[in-house]
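Single-structure report; data block below.
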Amino acid sequence: MLSVPDQVLLIVVGTTALALILFFIFSLWDQIRAAVLNEAPFVSAPEEAIDDIVAALDPQVGDAVYDLGCGDGIVLRALHAANPKARYIGIEKGMIPFVTAKWRCKHLPRRAVKIRRDDFFETDLCPANKVYVYLYAHVLDMLLPKFKRELPKGAIVVSLDYQFSDRKPDKVITLDHRGGARGRRLSVYRF
Ligand SMILES: C[S@@+](CC[C@H](N)C(=O)[O-])C[C@H]1O[C@@H](n2cnc3c(N)ncnc32)[C@H](O)[C@@H]1O
């Protein structure tokens with residue numbers, strides 16, 4: 001018969017192991033699903049690019065800034081820190097990035113930063129006047145008709161690294177930090 005401290009230890013170790021296994025399974029599932037469906041996988045924007053992303057979006061009072069596929073919410077947190085008076089909405093389909101984003105943004109007011117577990121193809125974008133995306137070009141192409149249909153006139157889309165195949169950006173910002181191959185440019189589109 002195990003002593004009470006041993007039983008407690010066993011429960012703690014067992015629960016931690018189970019949590020780690022579930023985390024691993026869900027992460028793997030997110031990545032496999034993204035690969036099979038040819039979707040953008042969960043990869044955070046590089047730290048070095050964050051200030052430039054915030055500067056390009058330039059959040060102002062009254063803005064509704066959407067991060068489509070918000071990952072772990074790194075950009076939403078930086079945007080909120082830059083201007084807590086705008087509204088930020090993160091849409092994320094993957095279970096692990098969604099839970100991580102919720103956890104990392106838990107100290108931020110819900111009225112300012114909302115994270116929704118949703119498919120961005122199903123999300124109403126009419127309220128957005130600024131959109132940030134870090135998604136493959138073919139996913140951007142699939143989103144383009146939705147952007148044209150739903151975004152209000154004058155809304156901007158800021159895309160990290162990838163561009164639409166058939167639409168020229170209004171502005172390209174080259175990021176000259178010394179990171180790796182990711183986070184090299186921002187393309188700004190006005191709708
Ligand atoms: C490359 S990550 C970008 C994360 C974050 N925007 C950033 O810049 O750090 C792309 C994210 O989009 C999410 N995603 C892909 N397809 C999606 C969809 N249809 N609806 C919602 N999220 C999606 C993925 O789960 C992933 O977390």
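For the reader, a short list of remarks on this structure follows.
- All of (1) surrounded by 15 or more Cβ atoms within 10 Å (Cβ to Cβ); (2) within 12 Å of the ligand (Cβ to nearest atom); (3) modelled with pLDDT under 95 hold for GLU48 with one exception: (2).
- All strands (runs of 3 or more DSSP E) inside segment 90-182 with 2 or more residues being on the phi < 0 side of the Ramachandran plot and in contact (Cβ under 8 Å) with a residue 60 or more places away in the chain: 130-133, 156-160
- Scanning segment 54-68 for residues that are in contact with a helix residue (DSSP H, G or I) (Cβ under 7 Å, 6 or more places away or on another chain) and surrounded by fewer than 23 Cβ atoms within 10 Å (Cβ to Cβ) yields a count of 2.
Condition check ((1) modelled with pLDDT of 95 or more; (2) within 20 Å of SER44 (Cα to Cα); (3) away from the ligand (no atom under 11 Å from the Cβ)) across all residues:
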{"residue": "ARG104", "(1), (2), (3)": "yes, yes, yes"}
{"residue": "LEU108", "(1), (2), (3)": "yes, yes, yes"}
{"residue": "ARG116", "(1), (2), (3)": "yes, yes, no"}
{"residue": "ASP119", "(1), (2), (3)": "yes, yes, no"}
{"residue": "THR123", "(1), (2), (3)": "yes, no, no"}
{"residue": "ALA128", "(1), (2), (3)": "yes, no, yes"}
{"residue": "ALA137", "(1), (2), (3)": "yes, yes, yes"}
{"residue": "MET142", "(1), (2), (3)": "yes, no, no"}
{"residue": "PHE147", "(1), (2), (3)": "yes, no, yes"}
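- Residue ID - nearest to ALA55 (Cα to Cα), chosen from residues in segment 77-89 that are within 15 Å of the ligand (Cβ to nearest atom) and part of a strand (DSSP E or B): TYR88
The values are calculated or read from the model by the stated rules, or taken from the named source; none is laboratory data. Bear in mind the structure is a predicted one, so any value in this text is a computation, not a measurement. As a convention, Cβ positions derive from the backbone with ideal geometry for all residues, glycine included, and neighbour counts pool all protein chains shown.
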